[in-house]
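Worksheet: one structure, shown below.
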Amino acid sequence: MATRTTLIAPSILACDFARIGEEVRDVERAGADWLHVDVMDGHYVPNLTLGPPIVAAVHRVAQRPLDVHLMVTNPLALAGEYRSAGAHVLTFHWEVAGGVAGARAIARGYRDLGVPVVGMAVDGATPVEPIRELLGELDLVLIMSVQAGFGGQSFQASALDKTRWVRRQGFDGYLQMDGGISPSNAALCREAGADVLVAGTAVFRAPDRAQAILDLRHAPAGIPQMGGLPVEGC
Ligand code: DX5
Ligand code: ZN
């Protein structure tokens with residue numbers, strides 16, 4: 001894992017939505033690799049966020065790939081619209097798939113739509129072992145380090161074991177962690193095998209976003225925080 005480059009994906013959920021285009025350009029200048037787009041349907045999670053027209057608008061100004069995290073109960077039905085809106089990474093939740101066969105059907109449906117990076121997320125309270133048979137179908141596994149639904153929650157250290165487990169199965173795709181990630185716990189995530197770190201609060205609310213992104217990518221374990229805000233870690 002030492003040779004993998006860590007990608008940083010700021011979650012635009014934490015941006016100033018009145019200035020979304022400027023915010024996107026600002027975090028790109030600050031060094032963002034992907035732009036994480038949290039889609040919430042008010043059903044799988046209570047919160048309600050970004051529909052396809054907003055994602056298409058972000059795509060028009062973005063230079064970096066859009067990493068679209070679908071927290072919705074019908075991720076196959078909505079996939080075409082989000083793909084057309086510019087999703088490069090499209091991630092559905094294991095919890096809504098109805099088991100291995102259902103998840104496989106969703107992943108294959110995404111491939112049929114031409115989704116470049118097909119991802120599946122495992123929520124904070126969900127065990128990871130049942131996804132073993134699916135790993136060969138996926139380009140990206142997202143281990144949630146909070147329960148999906150809101151930004152600004154505290155990091156759950158139990159996600160680190162789940163991340164390690166995925167790598168131990170020989171999974172060689174993108175391994176993403178999302179929720180409560182800050183410079184104070186990023187090294188633990190990287191050491192566990194994560195190579196894509198999502199961060200909303202720790203980037204958008206940082207006094208220096210470029211420094212926060214550098215710290216997420218490189219800060220060693222044991223440095224509680226540098227450029228980011230004092231977000232609680234593990
Ligand atoms: C939670 C979302 C996360 C969240 C990250 O449901 O999937 O992407 O916005 O925000 P922070 O980094 O503030 O926890
Ligand atoms: Zn997310």
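The values are calculated or read from the model by the stated rules, or taken from the named source; none is laboratory data. Because the structure is predicted, anything quoted here is derived from the model rather than measured. Neighbour counts run over all protein chains shown; Cβ positions are idealised from the backbone, glycine included.
Values for this structure:
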item: Any chance residue 119 is of a type outside the set (Lys, Arg) and under 18 Å from the mean Cα position of the chain (by Cα); result: yes
item: Neighbours by Cβ (under 6 Å, 6+ apart or cross-chain): first from the range 132-154, part of a strand (DSSP E or B); second within 6 Å of ligand 1 (Cβ to nearest atom); result: 142/178; 144/178; 144/179
item: Test for residue 149: is it within 14 Å of ligand 2 (Cβ to nearest atom), surrounded by fewer than 21 Cβ atoms within 10 Å (Cβ to Cβ) and within 27 Å of residue 101 (Cβ to Cβ); result: yes
item: Every pair of residues 6+ apart whose Cβ atoms lie under 9 Å, when the first sits in the range 187-214 and is under 22 Å from residue 68 (Cα atoms) while the second is of a type in the set (Lys, Arg) and crowded, with 22+ Cβ neighbours inside 10 Å; result: 197/190; 203/209
item: Subset of the range 141-173 [under 24 Å from residue 88 (Cβ atoms) and away from ligand 1 (no atom under 15 Å from the Cβ)]; result: 163, 166, 167, 171, 172, 173
item: Selection status of residue 193, of a type outside the set (Phe, Trp, Tyr) and within 15 Å of ligand 1 (Cβ to nearest atom); result: no
item: Residue identified as at pLDDT below 95, crowded, with 22+ Cβ neighbours inside 10 Å and assigned to a loop (DSSP other than H, G, I, E, B) among 222, 180, 233, 228; result: 228
